[in-house]
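Contents: one structure, followed by commentary.
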Amino acid sequence: MGNAASAVRFGFQGISYPDVDATVGWARLADEAGFDRVALPDHLFHPRSEVFLSKGAWDVDAVLGAIAATTRNVRMMPAVTDTVRRHPATTAHFIATLDRLSHGRAILGIGAGELFNFKPLGDVVWERPVTRLREALTVIKALWSATKERPANFEGQIFQLRDAWLGLRPVQLPHPPVYIGGYGPKMKSLVAEMGDGWFPWLETPETYRRGSDQISSEAARFGRDPGEIDRAVEVFTAITSDDSQVTEIAQRASIGMSLRQNLLRDLGYGNLADESVDVLRAKFDERDWTRINSVASKIPIDAVKRVIVSGTADQAIERLEEYRKAGVRTFVLISPTDLIAQNIAAYRDKIIPYFAQSSR
């Protein structure tokens with residue numbers, strides 16, 4: 001990953017819930033436009049709200065499979081899956097299958113999980129999330145490398161393997177890239193220990209730099225070259241000269257920011273962080289929504305605009321350059337549905353060529 005990480009890459013997240021055909025179509029458009037990857041969220045249950053994730057979610061594994069079969073170059077990944085709803089053996093099996101279906105274009109994006117995705121499942125227990133994720137990554141990698149003669153065995157606190165052999169190995173060896181989504185010190189340490197990339201959601205260039213530096217320090221502790229770990233980020237984008245459209249995406253981003261307690265604290269809004277609820281633990285019940293909406297309304301608009309890429313193509317390039325100088329090498333751009341075609345065209349025609357030229 002070291003040499004590849006020196007170039008700037010662009011991924012795209014264009015979601016049309018619950019329209020599967022539209023989402024696959026956007027992925028094809030991103031493929032034709034020269035994006036490096038398509039990253040789609042892995043959701044099961046959505047909040048019963050008209051504000052945030054208000055429409056039903058499709059199954060990401062099925063949609064990524066359709067994208068693999070209908071694209072030629074773009075890589076694809078869940079952004080991100082978890083180890084609670086999906087057993088790591090199932091995840092290993094799916095990614096290996098996707099890698100074969102796409103002829104080596106699969107990426108695993110994985111995190112600790114978000115409560116709203118499995119809160120309605122009364123039989124699911126979510127505890128020790130970082131331990132659970134570390135063990136899951138061990139299981140996944142062991143299964144990818146297992147052979148009939150040398151099956152995988154693992155005895156963990158949460159997961160166990162007994163003479164396990166999937167019989168299906170990925171095309172990419174030793175394994176497809178693994179990107180870990182997470183924010184806290186323990187998660188960044190896990191990225192440094194076991195990840196091929198760091199994949200947070202919503203960061204300013206300044207907070208991103210601090211997080212990246214922490215990963216570099218941890219990587220040295222584990223005897224790894226920090227340059228082997230890709231630095232990615234998910235950011236909202238709206239390439240438009242229409243101020244009302246920029247304001248609209250900023251309002252959406254403010255809801256996201258209100259769900260990032262660590263980010264609010266890093267930005268100096270500790271009082272708002274204490275008032276809100278973090279996305280990992282949000283139930284999105286009436287009490288949560290009261291807190292989330294209250295916090296979102298209090299975040300200064302200038303602070304919100306620090307976590308989005310918006311405006312004209314030239315203004316977007318300036319912001320992306322700030323992130324690049326902070327260490328970002330892979331951008332995954334989250335687009336509002338009504339701006340997907342417009343955003344893809346702007347990146348295709350001006351922004352991606354600019355960064356391709358500057359990387360030479």
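The table that follows gives values for the structure above.
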| quantity | calculated |
| --- | --- |
| Filtered residue count, the range 72-88, keeping only those that are more than 23 Å from I158 (Cα to Cα) and open to solvent by 40 Å² or more (accessible area, probe 1.4 Å) | 3 |
| All positions within the range 327-360 that are over 28 Å from I229 (Cα atoms), β-branched (V, I, T) and open to solvent by less than 20 Å² (accessible area, probe 1.4 Å) | I340 |
| Top-ranked residue of the range 103-124 - restricted to ones that are without any contact (Cβ under 8 Å) to a residue 60 or more places away in the chain and not hydrophobic (A, V, I, L, M, F, W, C), ranked as least open to solvent (accessible area, probe 1.4 Å) | R105 |
| Boolean, L29 is closer than 18 Å to P336 by Cβ and open to solvent by 40 Å² or more (accessible area, probe 1.4 Å) | yes |
| Pair list, Cβ < 6 Å and 6+ apart or interchain, from the range 289-304 residues that are within 10 Å of A253 (Cα to Cα) to residues that are hydroxyl-bearing (S, T, Y) | A296/S254; A296/S258; V304/S254 |
| Cross-chain or 6+ apart pairs with Cβ under 7 Å, the range 126-155 first and modelled with pLDDT of 95 or more, then open to solvent by less than 50 Å² (accessible area, probe 1.4 Å) and among the basic types (K, R) | none |
| All positions within the range 321-338 that are at pLDDT 95 or above and in a helix (DSSP H, G or I) | E321, E322, Y323, R324, K325 |
| Tally of residues being under 19 Å from P78 (Cα atoms) and either of a type in the set (G, A, S) or touching a helix residue (DSSP H, G or I) at 6+ places or on another chain (Cβ under 6 Å) (or both) across the range 109-129 | 4 |
| Candidate set from the range 252-282 (those that are within 20 Å of G181 (Cα to Cα) and charged (D, E, K, R)); member that is most open to solvent (accessible area, probe 1.4 Å) | R281 |
| Considering residues of the range 289-298 that are among the hydrophobic types (A, V, I, L, M, F, W, C) and open to solvent by 10 Å² or more (accessible area, probe 1.4 Å) only, the residue nearest to E206 (Cα to Cα) | A296 |
| Residue that is nearest to F94 (Cα to Cα), among those in the range 127-144 that are open to solvent by 10 Å² or more (accessible area, probe 1.4 Å) and out of contact with any Phe, Trp or Tyr (no Cβ under 7 Å at 6 or more places or on another chain) | K141 |
| Single residue of the range 145-190 satisfying the filter (surrounded by 13 or more Cβ atoms within 10 Å (Cβ to Cβ) and β-branched (V, I, T)) that is farthest from R221 (Cα to Cα) | V171 |
| Residue in the range 107-119 that is farther than 17 Å from T81 by Cα, assigned to a loop (DSSP other than H, G, I, E, B) and modelled with pLDDT under 95 present | no |
| Every pair of residues 6+ apart whose Cβ atoms lie under 8 Å, when the first sits in the range 79-100 and is closer than 20 Å to G11 by Cβ while the second is in a helix (DSSP H, G or I) and of a type in the set (A, V, I, L, M) | T81/V60; T91/A136; T91/I140; I95/I140; L98/L64; L98/A68 |
| Residue tally, condition open to solvent by 20 Å² or more (accessible area, probe 1.4 Å) and under 26 Å from V309 (Cα atoms), over the range 191-214 | 7 |
| Given (1) without any contact (Cβ under 8 Å) to a residue 40 or more places away in the chain; (2) of a type in the set (S, T, N, Q); (3) open to solvent by less than 70 Å² (accessible area, probe 1.4 Å), index of the condition S217 fails | (3) |
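Conditions tested, residue by residue: (1) in contact with a strand residue (DSSP E or B) (Cβ under 6 Å, 6 or more places away or on another chain); (2) on the phi > 0 side of the Ramachandran plot.
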| residue | (1), (2) |
| --- | --- |
| A89 | no, no |
| G111 | no, no |
| N117 | no, no |
| R128 | no, yes |
| V139 | yes, no |
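Yes or no, residue by residue, for (1) farther than 29 Å from L115 by Cβ; (2) acidic (D, E):
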residue	(1), (2)
N293	no, no
D302	yes, yes
T312	yes, no
Q315	yes, no
L320	yes, no
A326	yes, no
L333	no, no
P336	no, no
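The values are calculated or read from the model by the stated rules, or taken from the named source; none is laboratory data. As the structure is a prediction and not an experimental result, all values here were calculated from the model. Here the Cβ is made from the backbone with ideal geometry for all residues, glycine too, and neighbour counts use every protein chain on show. Please note that ligands, DNA and RNA were not included when accessible areas were found on the heavy atoms of the full protein model with its side chains. Shrake-Rupley method; radii C 1.70, N 1.55, O 1.52, S 1.80 Å.
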